[in-house]
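Q: First the structure, which I've put down as structure tokens, then a few questions once you've had a look.
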Ligand code: NAD
């Protein structure tokens, strides 16, 4: 095999790394040879997750909606492990409510975290990559709901659609600096938080619509995450890669 999936020499920042996909993604990147900065608001949870990964991992307190917090986290990360060369914009939140019942504050909170957060961290990291002339890779965690409509998740779906277009526009603008930007758009992936929901009656209904007739496991995302992060995928930019067992083909 000549394709190079190694992340040796890279310093990765994973946002929202205190739980779920982010926490496991940090492990995938460390296994591939990267040093990994784990960021989330709950510093103690990040420290717990980083401790599991050993010396190659470093926890930082990070609120993606707060530009000052992002700069402080990047300063701390740089001092500990060196400049960030790989960014995984994973932090996210979701609410479920009918459009007509959605309070504006709830809408704003989801858009602020998912879309504005992705913009703010991308801006801060890209500025540093450009100044250091290192080039770099950015992987945005979107969702199949950014392209396929369903009910009760309006702000979330709009935020992920926004991330898809932010992925394309930033890829276009940052390519000249050697920075690629792509997005990973998962379907339903089982995590600690949603296992009860997916194993319940709602999950039974949803799984019937998945052409592969199963929910995804986090391990199903490892290959695409590494492709978008490593030299093997270096000629890709501005792509949205869906990993959903075919669900977006059948509609919701
Ligand atoms: P999760 O709730 O376990 O993880 C979200 C993480 O983001 C947590 O660590 C949380 O602390 C962090 N976070 C939230 N607000 C933040 C903020 N302001 N600043 C910093 N960190 C913040 O959920 P998850 O399922 O692991 O989701 C991770 C990402 O994957 C999200 O972007 C989500 O939209 C996306 N996603 C998940 C699925 C799925 O089925 N689990 C499917 C598609 C997309």
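We did not get these values from a lab; they are worked out from the coordinates using the rules stated. Computed from a predicted model, the values in this text were never measured in an experiment. Quick reminder, even Gly has a Cβ in these numbers, built from the backbone with ideal geometry, and neighbours come from all protein chains shown.
Q: Helix 43-53 versus the longest principal axis of the chain: what is the Cα-based angle in degrees, 0 to 90, to the nearest 10?
A: 70
Q: Treating the angle as unsigned and between 0 and 90°, give the value, to the nearest 10°, between the Cα long axis of helix 154-174 and the longest Cα principal axis of the chain.
A: The helix 154-174 is inclined about 30 degrees to the chain.
Q: Could you give me the percent of Cα pairs per 5 Å distance bin for segment 196-252, shortest bin first, beginning at zero and ending with the bin that holds the maximum distance?
A: With a bin width of 5 Å, the distribution comes to 4, 17, 21, 19, 15, 11, 8, 4, 0.
Q: What's the extension gain from residue 127 to residue 43 if we count 0.36 nm per residue and subtract their Cα-Cα distance?
A: Extra length from residue 127 to residue 43 when fully extended: 27.8 nm.
Q: Evaluate E = 1/(1 + (r/R0)^6) for residue 66 and residue 168, where r is the Cβ-Cβ distance and R0 equals 25 Å; express this FRET efficiency to the nearest 0.05.
A: Working from the Cβ atoms, E equals 0.45.
Q: So how tilted is helix 20-31 from the main axis of the chain? Cα-based, degrees 0 to 90, rounded to 10.
A: Helix 20-31 sits at roughly 40 degrees to that axis.
Q: If every alpha-carbon in the chain counts as one equal scatterer, what log10 I(q)/I(0) does Debye give at q = 0.16 1/Å?
A: -1.20
Q: Shifting gears a bit: Taking the Cα-to-Cβ direction at residue 51 and at residue 235 and moving 7 Å from each Cα, how far apart do the two end points lie in nm?
A: 4.6
Q: Quote the FRET efficiency, to the nearest 0.05, computed for residue 250 versus residue 175 with a Förster distance R0 of 30 Å and r equal to the Cβ-Cβ distance.
A: 0.30
Q: May I ask you to order 125-133, 201-209, 104-112, 160-168 by the average number of other C-beta atoms within 10 Å around their residues, highest value first?
A: Ranked by mean Cβ neighbours within 10 Å, highest first: 160-168, 125-133, 104-112, 201-209.
Q: While we're looking at this one, here's another question. Hey, how much of the P(r) for segment 159-246 falls beyond 15 Å, as a percent of Cα pairs?
A: Numbers: 2468 of 3828 pairs.
Above the 15 Å cut-off, segment 159-246 has 64 percent of its Cα pairs.
Q: Can you compute the FRET efficiency between residue 109 and residue 4 using 1/(1 + (r/R0)^6), with r the Cβ-Cβ distance and R0 = 41 Å? Round to the nearest 0.05. Please report the intermediate quantities before stating the final value.
A: Values: r = 40 Å, r/R0 = 0.98.
Taking R0 as 41 Å, the efficiency between residue 109 and residue 4 is 0.55.
Q: What percent do you get for the relative contact order of the chain when only Cα pairs under 8 Å and 6+ apart count?
A: 19
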